[in-house]
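Peer 1: Sharing a structure, written as structure tokens. Questions coming.
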Amino acid sequence: MASSSAPVHPARYLSLFLALLVGVYLLVFLTGDKKPEPKLGIDLQGGTRVTLTARTPDGSRPTRDALLQAQEIISSRVDGLGVSGSEVVIDGDNLVITVPGNDGTEARSLGQTARLYIRPVIHAMPAQPAGEQPPAGQEGAPGLPPGGQLPGMPPGMDPGLPPLIAPAEPEAPIRTPGQPGDPAAPPAAQPRPYPLEPPPSPTPTPAPAPGGPEAPAPGTPAAPAPGAPEAPGTPDDDASLAQRIADEKQLRQSTDQSIQLLALQFQATRCDEDDVLAGNDDPNLPLVTCSTDHNTVYLLDKSIMSGEEIQTAGSGLDQQRGDYVVDVEFKSGGSKTWADFTAANVGTQTAFTLDSQVVSAPEIQEAIPGGRTQITGQFTDSSARELANVLKYGSLPLSFESSEAETVSATLGLTSLKAGLIAGAVGLALVLLYSLLYYRVLGLLTALSLVLAGAMVYALLVLLGRWIGYTLDLAGIAGLIIGIGTTADSFVVFFERIKDEIREGRSFRSAVPRGWARARKTILSGNAVTFLAAAVLYVLAVGQVKGFAFTLGLTTILDVLVVFLVTWPLVYLSSKSATLAKPSYNGLGAVQQIARERRAAPTTGRG
């Protein structure tokens, strides 16, 4: 136990706390959006709800285990992105994600299938708006029906050889029948990439009617029938999802080089459309697909590696380039594959495809041993972080289609908040009134300490919402109110220890340091128990209970900080004042009277 003569430097403690308080408010007003407003949860500011409908390649219903696994992965993505206050629940065959705010983009990104493959780039070409006419005079590819038109393609599209850019392997370019340099190559039969609407029943091929159009030669597609779908991306409503995916694979994952070239030109006109093949491509076949920015269409070779070989992923700012990058670390097997591939393909492009779209197609500049590499591209801080988070937490067992986002009202939450704040204000006023009546000047020190503690808590909540996405909800406010009550308990423990010292006959001046030496152990023990309970609750709880546990733990830590750096120095300074030492100011007259009676009792007994 410390003696009353131990050196005390209250000015140092108060200066340290004021420096911390000024520092956090400088961060509040000089960083981020510079607005001193905490991030509110769904129940206080409303939010956005996005429904993700599960789908399987064969069109069957998803299993319960797959939905539970998808819910767990998406919840992990929510935590990794710092989207606090969000909910992920299963509703039939759907996952319903609710996030604070009015922007549903982040919620939709959480439902990415995230099937990552690494594929060599064979060719790339710029995307073009749908219906754009090809250069005049360009010849069509052989093997097509009269007019060079492939069934299902928009009218006017030339399926000839498109202008290719950035060839990944110039030593082995794609060779197409009829391309210059191979004039004698025979025309290849052109399969129909998308089946037309089937007839009601199978019938043999009818003979051509007199005077009618001739039947197509074997190996060539028939002319489009009236009422046939205009494009593979818009089949009849009766076509199943499984059939649509199969049709896309037939066109965009063909091993026939002439079909690959046709698919390149056709895909270039619809990069802005939703991709039905997303997350359903076959990694063992070539792939024609677009980049995520919809500016480039690629012909990719079969995959050399899947995302299952990724150990972890993170994002950051490349100081040399000034761009945001995604750092990827492979597992042992993937590390060896990547090292061998990069060593053998220096100078070529390699595409990272996420859900069948190219997120980045960097050029391999050197062999990359060690299992670490970077994905570069037109990333922002948030997009790089989202991609790294999706890759790190793995792929979903299902594909999902997102519906339109709907707004969640905060009316009920705001009403509850108003009632809770009124109740909290009334309770705090009663505590301060009791402190002033019972402890007088010490009660004023209690009020000042609570105000400073509240200011520190508010600034930290603003910064946590800005840095890690923490959102304050009703449960969190409840944790704050209970935490303020815990802080008031610490003051009471300290003041009662001072009273105990005075009852033993010490003056107010000597009782303060001795009472503090006894009280601080009790304060630390009580706060340690509260913090441990909050930590256990945070780990085990889900949903809004986490917010309650977080704010309770935060205020518990700040309670210790305020009591040690504010309350104790202020009470010590008051004990040095002759004016504040008077019983009429400090409210300790009754205790001092008891001490005098105790001192007089032995003398009276001897008389």
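Peer 1: Could you do me a favour and compute the accessible area per residue for region 266-318, 1.4 Å probe, result in Å²?
Peer 2: 39 Å²
Peer 1: Peptides 503-516, 306-319: what's the order by average Cβ count within 10 Å, highest mean first?
Peer 2: 503-516, 306-319
Peer 1: In sequence order, what are the phi-derived ³J(HN,Hα) couplings for region 375-392 according to the Karplus relation 6.51 cos²θ - 1.76 cosθ + 1.60 with θ = phi - 60°, rounded to whole Hz, with x for glycine and proline?
Peer 2: Karplus values, whole Hz, x for Gly and Pro: 9, 10, x, 7, 8, 9, 4, 6, 5, 5, 5, 5, 5, 4, 5, 5, 5, 5.
Peer 1: Same structure, new question: Using only the heavy atoms of the protein chains and a 1.4 Å probe, how would Tyr538, Tyr324 rank by accessible area, largest first?
Peer 2: Putting Tyr538, Tyr324 in descending order of accessible area: Tyr538, Tyr324.
Peer 1: Given the alpha-carbon gyration tensor of region 420-559, what are the semi-axes of its equivalent ellipsoid in whole angstrom, ordered largest first, with each equal to the square root of 5 times an eigenvalue?
Peer 2: In descending order the semi-axes read 31, 17, 12 Å.
Peer 1: Can I ask one more? Report the gain in length on full extension from Arg61 to Val539: 0.36 nm times residue separation, minus Cα-Cα distance, nm rounded to one decimal. Please list the in-between numbers first.
Peer 2: Numbers: separation 478, 0.36 × 478 = 172.08 nm, distance 3.35 nm.
Contour length minus the Cα-Cα distance gives 168.7 nm.
Peer 1: What FRET efficiency would be calculated for the residue pair Ser240, Asp33, taking the C-beta separation as r and a Förster radius of 51 Å, to the nearest 0.05?
Peer 2: The pair Ser240/Asp33 has a calculated efficiency of 0.60.
Peer 1: Right, next: Structure shown: which of Lys39/Lys392; Lys418/Lys499; Lys418/Lys521; Lys521/Lys582; Lys302/Lys392 lie over 31 Å apart, alpha-carbon to alpha-carbon?
Peer 2: Numbers: Lys39/Lys392 26 Å; Lys418/Lys499 39 Å; Lys418/Lys521 38 Å; Lys521/Lys582 28 Å; Lys302/Lys392 23 Å.
The answer is Lys418/Lys499; Lys418/Lys521.
Peer 1: Please list the non-local residues whose amide H lies under 5 Å from the amide H of Thr48, H modeled 1.01 Å from N, same-chain partners needing a gap of 5 or more.
Peer 2: Placed amide hydrogens put Val99, Gly101, Val408 under 5 Å from Thr48.
Peer 1: A further question on this structure: So what are the ³J(HN,Hα) numbers for region 245-259, from phi and the Karplus equation (6.51, -1.76, 1.60; θ = phi - 60°), rounded to whole Hz, Gly and Pro as x?
Peer 2: 5, 5, 5, 4, 5, 4, 7, 8, 10, 6, 8, 7, 5, 5, 5
Peer 1: Could you order peptides 425-431, 438-444, 471-477 by the average number of other Cβ atoms within 10 Å of their residues, highest first?
Peer 2: Details: 425-431: 12.9, 438-444: 18.7, 471-477: 24.0.
Packing proxy ranking, top to bottom: 471-477, 438-444, 425-431.
Peer 1: Something else now. Pairwise over distinct Cα atoms, reciprocal of the mean inverse distance: report the Kirkwood radius of region 301-456 in Å, one decimal place.
Peer 2: Taking the inverse mean of 1/r over all distinct Cα pairs, region 301-456 comes out at 20.8 Å.
Peer 1: Could you sort 257-269, 289-301 so that the peptide with the highest average Cβ count within 10 Å comes first and the rest follow in order?
Peer 2: Details: 257-269: 23.0, 289-301: 20.2.
Those peptides, ordered most packed to least, come out 257-269, 289-301.
The values are calculated or read from the model by the stated rules, or taken from the named source; none is laboratory data. The shown structure was predicted, so the numbers you read here are calculated from the model rather than taken from an experiment. Heads up, the Cβs are rebuilt from the backbone with ideal geometry, glycines too, and the neighbour counts pull from every protein chain shown. Quick note on the areas: whole protein, heavy atoms, side chains included, nothing else; ligands and nucleic acids left out. Shrake-Rupley method; radii C 1.70, N 1.55, O 1.52, S 1.80 Å.
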